[in-house]
Each structure stands twice: as C-alpha cells, then as structure tokens.
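J.: What follows is a single structure, and I will ask about it in a moment.
The values are calculated or read from the model by the stated rules, or taken from the named source; none is laboratory data. Given the structure is predicted, the values throughout are model-derived calculations rather than measurements. Every residue, glycine among them, receives a Cβ derived from its backbone with ideal geometry; neighbour counts consider all protein chains shown. In case anyone asks, the SASA skips ligands and DNA or RNA and just uses the protein heavy atoms, side chains included. Shrake-Rupley method; radii C 1.70, N 1.55, O 1.52, S 1.80 Å.
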Amino acid sequence: MLSNQLQNGMDRAKSMWSRLPDTDENEDDLVSFLKKNDGGGVESLDYEVIENYAYWDEQAQRGRLFVGYSVVVKWLYALFIGIGTGLAAVFINMAVENFAGWKFSLTFALIQKSYVAGFIVYLAINLGLVFSSVYIVTHFAPAAAGSGIPEIKGYLNGIDIHGVLFFRTLIGKIFGSIGSVGGGLALGKEGPLVHTGACIASLLGQGGSGKYHLNSRWLQVFKSDRDRRDLVTCGCAAGVAAAFRAPVGGVLFALEEVTSWWKSQLLWRVFFTSAVVAVVVRAAMGWCKSGKCGHFGSGGFIIWDISDGQEDYSFGELLPMTVIGVIGGLLGALFNQLTLYMTNWRRNHLHKKGNRVKIIEACLISVLTSIISFGLPLLRQCTPCPKSDPDLGNECPRPPGTYGNYVNFYCSKGNEYNDLATIFFNTQDDAIRNLFSAKTMHEFSAQSLLTFLVMFYTLAVVTFGTAVPAGQFVPGIMIGSTYGRLVGKFVVSFYKKPNIEEGTYALLGAASFLGGSMRMTVSLCVIMVEISNNLKFLPLIMLVLLMSKAVGDAFNEGLYEEQALLKGIPLLESRPKYQMRKITAKEACGKRVVSFPRVVKVADIVSILRSNRHNGFPVIDYSRNGETRVIGLMLRSYLLGLLQSKVDFQHSPLPSDPRGSMPTRHNFSEFVKPASSKGISIDDINLSSEDLEMYIDLLPFLNPSPYIVPEDMSLTKVYNLFRQLGLRHAFVVPRPANVVGLITRKDLLIEDSEDSDAMELQSTSVRARRRDRRIHTANGDVESPLLNGLLVNNTDG
C-alpha cells in the first residue's frame with residue numbers, strides 16, 4: 001500500500017511539473033496552474049550550461065578583456081540593485097510613516113472633541129488605504145499578493161512562476177504595501193520588501209521592461225537563468241537589509257532561507273549589495289532628520305535600540321527564557337497551521353468567486369481591525385502615570401496629537417495613560433518599540449498584554465492570505481514581544497531584582513515566535529541582534545531560537561514551506577525524503593520517452609511539441625552498424641527558436657556539416673527565454689506547408705553532455721544531484737558496458753600560468769586525452785558509451 005501511495009504521489013507531482021504556462025497573462029491566482037482551464041503556471045529554469053556549438057563559438061570569441069568586463073558589470077549590477085532597493089524601501093517607509101502620522105494626528109485632534117468623530121475618521125482612512133491596496137493587487141498585479149518569499153524561494157530553487165518578477169508586480173508590491181501597512185492591518189512590509197528587491201534585480205538583469213518600453217540595450221548583458229539567479233539572490237538580501245537595517249542579516253537570510261545554491265563569488269556581491277543598501281538608508285534617514293520628510297525620521301525604519309537595557313542575567317533566568325522558547329515554538333506552529341487552513345479555505349471557496357469578493361473581504365477585515373484597535377482601549381481603565389524621568393524621555397502622558405509611550409486615550413484625568421491604547425492605537429513599529437523599551441517597569445498590565453495577544457494573534461491569522469501585500473515579520477515580533485513581556489512581568493515579580501528588564505524578555509519572545517513560525521536560526525539571530533543594537537543578548541537569542549525551532553519542527557513545516565506547498569510550488573528541500581532511499585531512478589522516472597532523430601522533419605517537431613508539454617527531448621542517432629546512440633538533449637526553447645527563425649531549414653534529410661554557417665546565424669542568447677514573459681509557444685509560430693516538409697539537423701543545437709545517472713541509482717542521490725547542481729533534466733541509462741577512464745581529485749587541479757594558452761592539467765592522463773570538443777562530437781562513428789542504449793526516463797520539466 002505504501003508503494004502505491006508513493007507512486008500516486010509521484011504521478012501527481014509529474015503531472016503538476018509538466019504543466020507549462022499557456023494563455024492569459026493576467027492570471028487570477030498564482031495557484032491557477034493546478035486547474036486545467038486556467039492560465040499561468042510554473043516552469044523549471046535552465047541553470048545548466050548548454051555546451052553546444054553556439055556556446056563554444058561564443059566562448060572562443062571571448063578573451064581576458066571580456067572576462068574582466070563581465071566581472072565589472074556584475075559588481076555594477078550589485079551596486080544598482082542596492083541603490084534601487086534602498087530607495088524603494090525609503091519610499092515605502094516614508095509613505096507609511098506619513099500616512100500613519102497624519103491618521104493618528106488627525107484622530108487624536110478629533111477625539112479631544114468627539115470620540116465618535118475621531119473613530120469615523122480613523123475608520124475611513126484605514127478603509128481607504130486598504131481598499132487602494134487590494135484594488136491594485138486584484139486589478140493590476142495579482143502576483144503582488146502575499147509576502148512573495150515562497151515564490152522567490154521557488155525561483156531560486158529552480159522554479160519560474162509566471163508573473164512573479166514582472167514590472168507591474170514591482171509597482172503593485174510597492175504601492176500595495178503602503179496601503180495595507182498604512183491602513184493598520186496586522187501585517188508588515190518586510191516580506192514584500194524582499195520581493196521588491198528580487199523584482200528590481202530581475203528587471204535590471206533583463207535590461208528593464210519591454211512591455212512598458214522602459215528597457216535599455218546597454219543593460220541586457222546577462223540573459224541566462226544562472227546569471228539571473230545570482231542577481232535575484234542579491235535582491236533578496238538587499239530587501240532584508242533594507243527592511244531591518246540589518247546588512248549582515250540580509251546576507252545570512254539569503255544564504256539560509258531562500259537560496260538552494262551558493263558560491264563564494266556570489267557571497268561577496270551579496271555582501272556588497274547589502275552594504276550599499278545600508279549606506280542608502282542611512283543617508284536617507286540623515287537627510288530626513290531635519291524634518292523634510294514629514295512624520296518620517298523618528299519611527300521610520302525598524303531598529304529598536306535597547307543598548308541601555310538589562311546589563312546582565314543570572315543563571316536562574318535561563319529557565320523562564322527556555323519557557324519562552326517553548327511557547328514560541330507552540331504558538332508559531334499553531335500559527336502556521338491556522339494560516340494554512342485559512343488560506344486553503346480562501347483559495348478553494350472564497351476567492352473562487354472573483355475579485356469583488358477579495359475586495360469586500362479585505363475591507364471587512366480593515367473595518368474589524370479598526371473597531372478592535374479603537375474600541376478595546378475604550379473599555380480599559382486608565383493608569384496613573386509613573387514619575388517622569390527627563391533623562392529617559394518617557395513623558396507621561398504624551399501630549400494630544402502625538403503617539404508613543406504612555407498614550408492618553410479616553411482618560412478622565414490629565415496625568416493618566418491607557419496601556420492598551422499604547423500598543424493597540426499605535427503604529428506597529430512604535431508599539432514594538434514600547435514593548436522593547438527599558439526603564440518602563442509596570443507600564444503594561446498583565447490583563448492588557450493578554451488581551452492584546454489574543455486579539456492581535458487572531459487578527460494576524462485572519463489577515464494572512466488576503467489579496468494584499470503582506471509580510472509576517474513585524475506581526476510575529478508583535479505577538480512574540482507581547483507574551484515575552486508577559487513572562488518578564490512574572491520574572492520581575494518572582495526574582496524581585498532591580499536589574500531585570502521586561503523589555504529583554506519581550507525581545508526574546510519576538511525571536512522565539514519568529515523561530516517557531518519561520519524556522520530560521522542563524523539569520524534571524526543576527527537580524528534580532530542588529531535591530532536591537534545589543535550584542536549581550538546574543539547567547540539568549542540563540543537559546544530561544546534553538547528551542548522554538550525544535551518545538552515547532554515537531555508539529556509542522558515552516559511558514560514559507562507550508563505556503564509554498566499550498567501554492568503548488570514544487571520545492572526541492574535541503575533533505576530528500578527517507579522513502580527515496582528504497583526507490584531507484586528507473587522506478588521514479590516515466591516509462592515513455594519522447595525522442596527526436598538527429599535530422600528531423602519540421603512537421604514531426606510541430607506534432608510532438610503540440611502533443612505534449614515536455615521541455616527536454618533525447619536526440620538519437622545511428623552508427624554505421626545500425627546501433628542506436630543517444631547523442632544529447634534538445635530543449636523545447638531551442639526547438640521553438642529554430643522553428644521561428646527558419647534559417648536552419650534544409651531540404652535534405654541527411655546530416656549537414658556541423659561546422660558550416662551555423663555560428664554566423666545564431667547567438668547563444670537567442671535561445672534564452674525572457675525573464676518577464678512566458679516566451680514563445682508553438683501556437684505563436686506560423687509555418688507554411690512548404691516549411692513543414694523541410695528538415696532540421698539538431699546536432700549543432702543540442703546539449704552533447706547532459707547529466708546521466710545509472711538506472712539503479714537511488715532516488716536520494718538523484719535528488720541531491722538535482723538540488724546541488726540546479727538540474728532540470730537527467731538521463732536515466734542502463735549500466736554502461738565499459739569505462740573510458742576514471743577521474744580523481746588530482747585530475748581537477750589546474751596550473752594557471754600567465755598565458756591562458758599554456759594552462760595545463762596536472763594529470764598526464766587527462767592532458768593526453770584533451771581534444772577539440774566539436775570535432776569529437778561531429779564524428780558520427782565515435783562511441784559515447786555512457787549514453788549508449790535506450791533511455792528509460794521521461795524528460796518532463
């Protein structure tokens with residue numbers, strides 16, 4: 001029974017994997033590819049280098065000057081990505097802070113005369129901002145909904161989801177985030193900033209947007225999926241660095257959470273990009289300190305300086321800190337499960353009814369959030385102000401029209417404050433700053449903290465999954481810091497030590513909830529240290545993160561993994577499933593192989609491309625003794641490019657000279673699919689009846705050295721090959737009959753002299769075997785033992 005379930009699961013996965021995008025660029029939902037009648041979809045990316053004749057001719061024309069030029073351009077792109085992401089983050093934060101500042105200033109001014117009038121204005125502003133956000137997403141950029149991190153993680157894992165990196169997605173993400181966050185919903189702008197950075201990087205890599213005529217030929221340097229992958233990785237790190245002002249945390253976030261492939265050269269460029277973002281953000285905040293940016297400047301970017309907080313901690317405090325880690329793991333796992341159920345219900349029932357329902361849903365949640373945030377503080381009794389300390393700047397109560405600590409909201413006396421309004425009727429950044437604050441002992445009562453925890457946790461679950469750009473970092477910090485401060489109150493009352501700060505436990509609670517929900521450790525630890533500006537808490541943050549992740553992993557997957565699974569993104573996680581050890585490559589692959597002969601009729605190509613959606617096809621040839629040989633892999637994109645250009649059509653069914661005029665007809669970049677479109681399809685190509693009778697010799701355009709695996713290799717090893725090398729296809733072949741040679745580590749060591757032509761391999765056996773690749777492939781009688789025999793795999797992808 002288990003084998004049947006595994007086989008059914010693999011069949012469903014293959015069916016989903018083989019679906020390609022077809023029509024209607026404005027797909028209603030990213031998961032629509034799972035439905036037979038919807039457009040959009042996912043497609044694998046080609047990270048493998050196709051070493052055909054066009055590639056080698058292009059490489060032969062490149063010298064040391066071009067290599068140096070490409071390196072310089074990559075660093076320039078890293079600079080541009082950092083500047084662009086930093087400016088986008090400044091714009092988003094400036095707009096959110098100003099909208100929030102105007103909203104609260106006007107509301108506080110009105111409630112001095114009438115709380116009803118203040119509530120109406122507060123509700124109307126929130127509703128207008130949320131409506132603008134959901135309208136942009138539903139009518140202009142459907143792919144801008146959500147955080148975007150699962151989609152970007154899928155892209156860097158080798159999956160291209162149509163629409164995720166479009167220019168309109170970038171615009172929708174920026175302005176949609178302003179509306180949703182400024183409208184007071186229980187979500188953040190940090191996840192969307194990661195998506196924003198990825199979009200900026202992708203658009204720069206392809207030279208802009210051709211659809212909106214915002215492109216430049218000078219920027220169209222890197223066109224392969226491998227180069228775009230590196231740029232998008234830089235964009236992800238830049239987004240985190242801009243969101244949290246945490247450049248090192250951004251680098252580690254890209255390494256730990258979103259990328260599946262890494263190299264040392266990329267590490268330096270990602271680090272440089274994050275440093276540029278930090279400089280841009282710092283310069284913008286310095287410029288805004290003079291008051292030129294309205295309300296932006298004091299609240300602005302997320303950084304909660306608690307360097308003046310608790311100096312030290314005792315051994316006895318480790319127990320409550322461990323309890324915070326356990327609570328974070330439990331609440332984080334519960335949050336993931338509840339949001340999974342809510343999102344699944346929305347997709348299967350509510351959102352099927354169209355965009356109007358999505359707009360109504362978001363607006364109703366906005367009204368509910370406004371009622372709770374304004375109404376609950378009205379039910380809370382005010383608290384007398386503590387003695388003010390001018391050195392700490394904690395003025396109590398705050399003057400009317402301002403917001404921060406000790407908010408005077410619906411209080412009968414002038415020297416009172418409403419602790420529930422201090423965290424509820426505030427921006428999320430300032431509420432977290434209040435919860436993290438030191439020297440504010442007993443500012444919040446346990447009843448208020450518990451009330452806020454229950455209500456905000458519920459709002460975060462309900463809001464997640466609506467058709468607006470939504471991040472979960474700041475809501476997670478809000479939830480965690482609330483129960484962390486609650487635990488801190490009990491610790492203070494139990495130990496009765498004057499040096500214990502409730503804000504310290506709020507910070508640990510925030511880290512524990514994020515660890516229990518998102519399951520990040522190293523990057524999250526560094527981010528929390530950078531935003532708190534206190535290195536003394538590093539061991540404690542490590543403790544609660546490890547504890548919360550261990551507890552959360554016992555129940556379900558991380559938040560982004562759960563959402564990627566729900567959206568049908570076929571991620572290859574870092575570890576293969578245990579059951580794969582007992583499955584061979586032959587058992588996992590398909591039984592029917594669609595292949596082409598070396599010289600194929602145009603009509604046959606069109607028929608095969610229309611009858612299936614495979615993206616890779618083995619190409620076979622016959623030796624003089626009639627033996628079948630597999631000579632390489634032909635990609636669908638190459639076949640479509642050849643059919644569209646028609647310059648390689650020939651009348652003869654016999655092989656042409658592979659060293660003929662082909663290099664002058666095609667460039668290697670002509671066969672690369674544009675990043676911002678689905679590429680051409682077979683239905684877009686017009687062929688006459690004469691064209692269908694022509695032939696094409698596929699040898700110059702195929703990949704002569706695809707990756708191959710023996711049929712009895714375990715699926716675990718195949719899985720590791722695909723994930724670590726970023727493969728899209730692999731041939732499954734019978735066990736080879738003979739061995740040409742054996743490569744060891746020393747055969748891969750190269751002595752690099754000043755003259756590139758004098759570069760030699762240290763191994764004499766390898767040096768003796770060096771020869772011209774093209775002559776070797778062109779010889780029809782040369783045997784390829786590892787590719788001999790019939791393939792047994794289905795080359796879907």
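J.: State the number of residues belonging to the stretch 369-396 that are among the hydrophobic types (A, V, I, L, M, F, W, C), surrounded by 14 or more Cβ atoms within 10 Å (Cβ to Cβ) and at pLDDT below 85.
T.: 2
J.: Quick test for you: out of D747, D781, D796, D697, pick the one residue that is touching a Ser or Thr at 6+ places or on another chain (Cβ under 7 Å), at pLDDT below 80 and surrounded by 12 or more Cβ atoms within 10 Å (Cβ to Cβ).
T.: Details: D747 fails: at pLDDT below 80; D781 fails: surrounded by 12 or more Cβ atoms within 10 Å (Cβ to Cβ); D697 fails: at pLDDT below 80.
Matching residue, one of D747, D781, D796, D697: D796.
J.: Within the stretch 700-733, work out how many residues are open to solvent by 10 Å² or more (accessible area, probe 1.4 Å) and among the aromatic types (F, W, Y).
T.: Final tally of qualifying residues: 3.
Residues checked against (1) under 30 Å from F701 (Cβ atoms); (2) in contact (Cβ under 8 Å) with a residue 40 or more places away in the chain; (3) open to solvent by 10 Å² or more (accessible area, probe 1.4 Å):
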{"site": "N556", "(1), (2), (3)": "no, yes, yes"}
{"site": "L565", "(1), (2), (3)": "no, no, yes"}
{"site": "E587", "(1), (2), (3)": "no, yes, yes"}
{"site": "V594", "(1), (2), (3)": "yes, yes, yes"}
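J.: So, G40, is that one modelled with pLDDT of 75 or more and touching a Leu at 6+ places or on another chain (Cβ under 9 Å) or not?
T.: Values: modelled with pLDDT of 75 or more: no; touching a Leu at 6+ places or on another chain (Cβ under 9 Å): yes.
Answer is no for this residue.
J.: Does K489 count as out of contact with any Ser or Thr (no Cβ under 8 Å at 6 or more places or on another chain) and surrounded by fewer than 22 Cβ atoms within 10 Å (Cβ to Cβ)?
T.: Numbers: out of contact with any Ser or Thr (no Cβ under 8 Å at 6 or more places or on another chain): yes; surrounded by fewer than 22 Cβ atoms within 10 Å (Cβ to Cβ): yes.
Criteria met by K489.
J.: Quick check on the stretch 446-465: of everything there that is open to solvent by less than 10 Å² (accessible area, probe 1.4 Å) and touching a Lys or Arg at 6+ places or on another chain (Cβ under 9 Å), which residue is farthest from G515 (Cα to Cα)?
T.: The qualifying residue farthest from G515 (Cα to Cα) is S448.
J.: If I filter the stretch 175-234 down to residues being aliphatic (A, V, I, L, M) and at pLDDT below 85, which single residue comes out as nearest to L79 (Cα to Cα)? Please lay out each step first, then the result.
T.: As a first pass, look at the stretch 175-234 and keep what is aliphatic (A, V, I, L, M): 178, 181, 185-187, 193-194, 198, 200-201, 203-204, 214, 219, 221, 231-232.
Narrowing the set further to residues that are at pLDDT below 85 leaves 214, 219, 221.
Working: L214: 20, L219: 13, V221: 15 Å.
Filtering the stretch 175-234 for residues that are aliphatic (A, V, I, L, M) and at pLDDT below 85, the one nearest to L79 (Cα to Cα) comes out as L219.
J.: Would you confirm whether or not the stretch 580-590 contains a residue that is modelled with pLDDT of 90 or more, touching a strand residue (DSSP E or B) at 6+ places or on another chain (Cβ under 8 Å), of a type in the set (V, I, T) and on the phi < 0 side of the Ramachandran plot?
T.: Yes.
J.: With the structure loaded, tell me whether K103 is assigned by the TED database to the domain that holds S260, of a type outside the set (S, T, Y) and closer than 19 Å to A421 by Cβ or whether it fails that test.
T.: On the way: assigned by the TED database to the domain that holds S260: yes; of a type outside the set (S, T, Y): yes; closer than 19 Å to A421 by Cβ: yes.
It is true that K103 is assigned by the TED database to the domain that holds S260, of a type outside the set (S, T, Y) and closer than 19 Å to A421 by Cβ.
J.: Applying the selection to the stretch 323-368, what residues are open to solvent by 10 Å² or more (accessible area, probe 1.4 Å) and of a type in the set (S, T, Y)?
T.: Correct list: Y341 only.
J.: Across the stretch 410-446, which residue is modelled with the highest pLDDT among those that are in contact with a Cys (Cβ under 8 Å, 6 or more places away or on another chain) and under 19 Å from K103 (Cβ atoms)? Steps first, please.
T.: At the first step, the residues of the stretch 410-446 found to be in contact with a Cys (Cβ under 8 Å, 6 or more places away or on another chain) are 410-413, 415-418.
Those still in the list that are under 19 Å from K103 (Cβ atoms) too: 410, 418.
Details: Y410: 81, N418: 85.
Filtering first and then ranking leaves N418.
J.: Turning to a different aspect of this structure: For the stretch 526-536, give me each residue that is on the phi < 0 side of the Ramachandran plot and either assigned to a loop (DSSP other than H, G, I, E, B) or surrounded by 24 or more Cβ atoms within 10 Å (Cβ to Cβ) (or both). First the steps, then the outcome.
T.: Step one: filter the stretch 526-536 for residues on the phi < 0 side of the Ramachandran plot, giving 526-532, 534-536.
Across the stretch 526-536, the qualifying residues are I527, M528, I531, S532, N534.
J.: Starting from the stretch 453-479, keep only residues that are under 22 Å from A564 (Cα atoms) and assigned by the TED database to the domain that holds R347, then list their pairs with residues that are surrounded by 24 or more Cβ atoms within 10 Å (Cβ to Cβ) and of a type in the set (F, W, Y) whose Cβ atoms are within a distance under 6 Å, requiring at least 6 positions of separation or different chains.
T.: If the second residue must be surrounded by 24 or more Cβ atoms within 10 Å (Cβ to Cβ) and of a type in the set (F, W, Y), the pairs left are G476/F513.
J.: Being at pLDDT below 85 and touching a helix residue (DSSP H, G or I) at 6+ places or on another chain (Cβ under 6 Å): is that true of F473 here? Step through it out loud before you land on a result.
T.: Details: at pLDDT below 85: no; touching a helix residue (DSSP H, G or I) at 6+ places or on another chain (Cβ under 6 Å): yes.
No.
J.: Going by what's in this entry, would N126 be described as more than 20 Å from the chain's Cα centre (by Cα) and closer than 18 Å to C363 by Cβ?
T.: On the way: more than 20 Å from the chain's Cα centre (by Cα): yes; closer than 18 Å to C363 by Cβ: yes.
For N126, the condition - more than 20 Å from the chain's Cα centre (by Cα) and closer than 18 Å to C363 by Cβ - is met.
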